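Q: Can you read through this structure? Questions will come right after.
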Amino acid sequence: MSDLNDFRVLVTGASRGIGAAIARDLAAHGARVAGMATRIENLEATGRAVEEAGGDFLPLAGDVADPATATAAVAAMQEAWGGVDGLVANAGVTRDGLLLRMGEDDWETVVRTNLGGAFHLLKAVTRPMMKQRAGRVVLMGSVVALIGNPGQANYCAAKAGLHGLARSAALELGGRGITVNVVAPGFVETDMTSELPEEARQAMLAKIALGRGARPEDLCGPVRFLLGPDGGYVTGQVLVVDGGLSLG
Ligand code: NAP
């Protein structure tokens with residue numbers, strides 16, 4: 001299939017988990033994928049998978065919390081491919097702990113990476129997308145931004161911040177043909193959730209209406225919809241993809 005033929009997209013957090021699955025999927029649908037992780041060697045497997053799926057892959061390394069990383073990524077895409085059509089700001093981290101004991105470092109790291117990173121990337125793609133009068137942005141949120149989660153005040157606050165960022169950007173950029181949305185997964189089987197204590201894991205799984213945790217691939221269709229031709233009239237929204245976890 002090629003409904004994203006030649007679509008030039010930056011996917012952060014592309015070395016593993018959800019971002020790796022999205023990078024592969026977008027390539028399989030015709031996109032050229034720039035994938036970012038903290039280290040270039042972390043992207044080798046994704047690069048091979050994207051190329052096997054028939055796509056071009058541009059590996060990019062950096063810390064998304066650093067504004068210079070975003071500027072450099074967009075410059076590299078412009079040099080390689082002449083522009084940027086899409087952004088999936090997916091890189092994220094957790095530093096869990098109860099509020100009473102949460103260190104300033106854990107707060108700072110999570111907010112700077114999950115919220116600051118999305119801001120820097122969104123800002124960096126805005127100028128080229130405005131010039132093109134077209135662009136699609138997906139910020140990777142989390143359903144816990146809507147329902148809260150004990151032990152994740154920093155993470156929930158950062159992810160909730162993405163909602164305001166997406167809505168404001170959608171209002172500012174809509175007139176230039178740019179859409180900005182949040183995809184909010186529930187519980188996804190990745191490295192991020194593999195270290196949860198078994199009890200917490202089972203408690204989370206028990207809440208999911210569809211009876212199982214998500215696989216990274218479960219996020220691919222919703223993200224591709226928002227980036228592709230059928231999603232062009234959706235902006236400023238939070239699309240919850242949680243198998244019914246948040247239904248109560
Ligand atoms: P993951 O398996 O832990 O992978 C995280 C990815 O982000 C890796 O590619 C990692 O690169 C990259 N990354 C982390 N910090 C970075 C930084 N400072 N700069 C650049 N890249 C960085 O995570 P995941 O489960 O796939 O989660 C992906 C996104 O979905 C995150 O935003 C997460 O909050 C969100 N989410 C996940 C779940 C879930 O249940 N898993 C649920 C809701 C939302 P390296 O390999 O180089 O470290």
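Q: Using just the helices of the chain, give the 222 nm mean residue ellipticity in deg cm²/dmol: DSSP H runs with n ≥ 4 each add -39,500 (n - 2.57), and the total is spread over all residues, rounded to 500. Working shown, then result.
A: Values: 10 runs with 105 residues, N = 248.
Computed ellipticity for the chain at 222 nm equals -12500 deg cm²/dmol.
Q: At a Cα cut-off below 24 Å, give the lysines reachable from LYS207, other chains included and same-chain residues fewer than 8 away excluded.
A: LYS207 reaches LYS159.
Q: Rounded to the nearest whole Å³, what is the per residue volume of the convex hull around the Cα atoms of the stretch 166-248? Don't skip to the end; give the middle numbers.
A: On the way: hull volume 9.0 nm³, N = 83.
It comes to 108 Å³ per residue, whole-number rounded.
Q: Something else about it: log10 I(q)/I(0), Debye, Cα-only the chain, no solvent, q = 0.09, 0.15 Å⁻¹?
A: Once normalised to I(0) and log-transformed, intensities are -0.35, -1.01.
Q: Relative contact order of the chain: what whole-number percent is it, with Cα pairs under 8 angstrom and at least 6 residues apart?
A: In percent, rounded to a whole number, it is 19.
Q: Order of GLU199, GLU44 from fewest to most other C-beta atoms within 10 Å? Write down the numbers at each step before the final one.
A: On the way: GLU199 8, GLU44 12.
Ordered from fewest to most neighbouring Cβ atoms within 10 Å, GLU199, GLU44 come out as GLU199, GLU44.
Q: How much length is gained if the chain between MET204 and ASP105 is pulled fully straight, taking 0.36 nm per residue apart and subtracting their Cα-Cα distance, in nm to one decimal? It would help to have the intermediate numbers written out before the result.
A: Details: separation 99, 0.36 × 99 = 35.64 nm, distance 2.66 nm.
Between MET204 and ASP105, full extension yields an extra 33.0 nm.
Q: While we're here: If the label point is 7 Å along Cα→Cβ of GLU189, which residues in the stretch 8-25 have backbone nitrogen under 17 Å from it?
A: Hits in the stretch 8-25 for GLU189 at 17 Å: 16-22.
Q: Would you please give the residues with an amide H less than 5 Å from that of ASP56, counting only those at least 5 places away or on a separate chain, with H modeled from the backbone geometry?
A: Residues meeting the amide H criterion: VAL33.
The numbers here are math on the coordinates, done by the rules we state, and not lab data. These figures come from a predicted structure and were not determined experimentally. Glycine gets a Cβ as well: all are built from the backbone with ideal geometry, and neighbour counts include every protein chain shown.
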